[in-house]
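Below is one structure, written out as structure tokens; comments come after it.
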Amino acid sequence: MSDDSREANAGYLVSDLVGLALRQVGFEGLGTDPSPADLSDGVMHLNMLLAKWQQQRFLVPNLVDMALMSTGASVYYLGQGGDFDVPRRPARLDGAYVRLANSPGFQASEAGEFSPAQFDANDFDVGSDGLESSAAGGPLDFPLTVIHSYEEYAAIGLKGLRTWPSAVYYNPAFPLGELRFFPIPQTGMWELHILTKEALPSDLKATDPINLPQEYWDLIMWTLAVRLAPSYGQEASPTVAAMAKAALATIRAANQQIPRVQMPPAVGSTGGAAVNPWWVYSGGF
């Protein structure tokens, strides 16, 4: 591949990093290319590796804010072809909020186009995030508590309540995840926003570019070397393992975002079910 073509792809090819990884375990000689079988195995390992990384917040460069106008439904579906139409359903929510549709300056958000080539600014240009308004103050957003277990959602006493939403439960069912807001948002009154990890590249082929931030190239090469070594009856050397660990630490430092801990309003010096306006949320009557 010419230098111009490689530059246009803005990254190394999958075959480049698989070949480099194999050389780190001494399987391929300098200047030689992997055999088709070895390259195929390396590509499969890379796809499995990226699928595993998808579940780690610090290994995903960015979050996506997806918006949908409320329809009055008790369940919304998340995944390819769902209400929130994304390439793959996420394993969990990283945050959620609602935007009051009749608030001053409200403008509906426009979703960006998803593309197999991730992390291209043009693919995720949303056009409007709903904030471009001349009205004073702009739209009103309200955070939602993310319920992380079905047991906690099951404890809600009046699940069919339809009023101001305060929480959302996400069931990562397959192939479509299930979102249950509580209370159920009224039709057309709320714009529902959920935050999820951006989908990393998947189903890569040997000729595909590694379309990720440049610091990932080092991490992919060294981690692949550690993964591939046992396939050839070897163990990764201490140097290879140390380099993989150092590359991982670099990504962790670059991507880690830790929100401040906040206590619920009902917890405090005067907290308790008796003064909690959402007492029905706890299931008590």
Discussion item. Looking at residue 85 and the list (1) at pLDDT 90 or above; (2) surrounded by 14 or more Cβ atoms within 10 Å (Cβ to Cβ); (3) over 24 Å from residue 238 (Cβ atoms), which single condition is not satisfied?
Written reply: (1)
Fill in: Residue that is closer than 22 Å to residue 142 by Cα and either surrounded by 17 or more Cβ atoms within 10 Å (Cβ to Cβ) or within 17 Å of the chain's Cα centre (by Cα) (or both), where the choices are 59, 68
68
Worksheet item: Out of all the residues in region 124-143, is one or more at pLDDT below 90 and among the aromatic types (Phe, Trp, Tyr)?
Response: yes
Worksheet entry | Matching residues in region 142-166 - criterion: being among the aliphatic types (A, V, I, L, M) and out of contact with any helix residue (DSSP H, G or I) (no Cβ under 7 Å at 6 or more places or on another chain) | 144, 146, 154
Worksheet, complete the sentence: Only one of (1) open to solvent by 30 Å² or more (accessible area, probe 1.4 Å); (2) closer than 29 Å to residue 207 by Cβ; (3) modelled with pLDDT under 90 does not apply to residue 112, and that is (1)
Worksheet item: Quick check: anything in region 33-55 open to solvent by less than 20 Å² (accessible area, probe 1.4 Å), at pLDDT below 90 and assigned to a loop (DSSP other than H, G, I, E, B)?
Response: no
Practice prompt. Looking at (1) at pLDDT 85 or above; (2) under 29 Å from residue 62 (Cβ atoms); (3) not aliphatic (A, V, I, L, M), find the lone condition where residue 259 falls short.
Written response: (1)
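The values are calculated or read from the model by the stated rules, or taken from the named source; none is laboratory data. Remember, it's a predicted structure, so these values are computed and weren't measured experimentally. No Cβ is skipped: glycine too gets one built from the backbone with ideal geometry, and neighbour counts run over all protein chains shown. Side chains included, ligands, DNA and RNA excluded: accessible areas come from the protein's heavy atoms. Shrake-Rupley method; radii C 1.70, N 1.55, O 1.52, S 1.80 Å.
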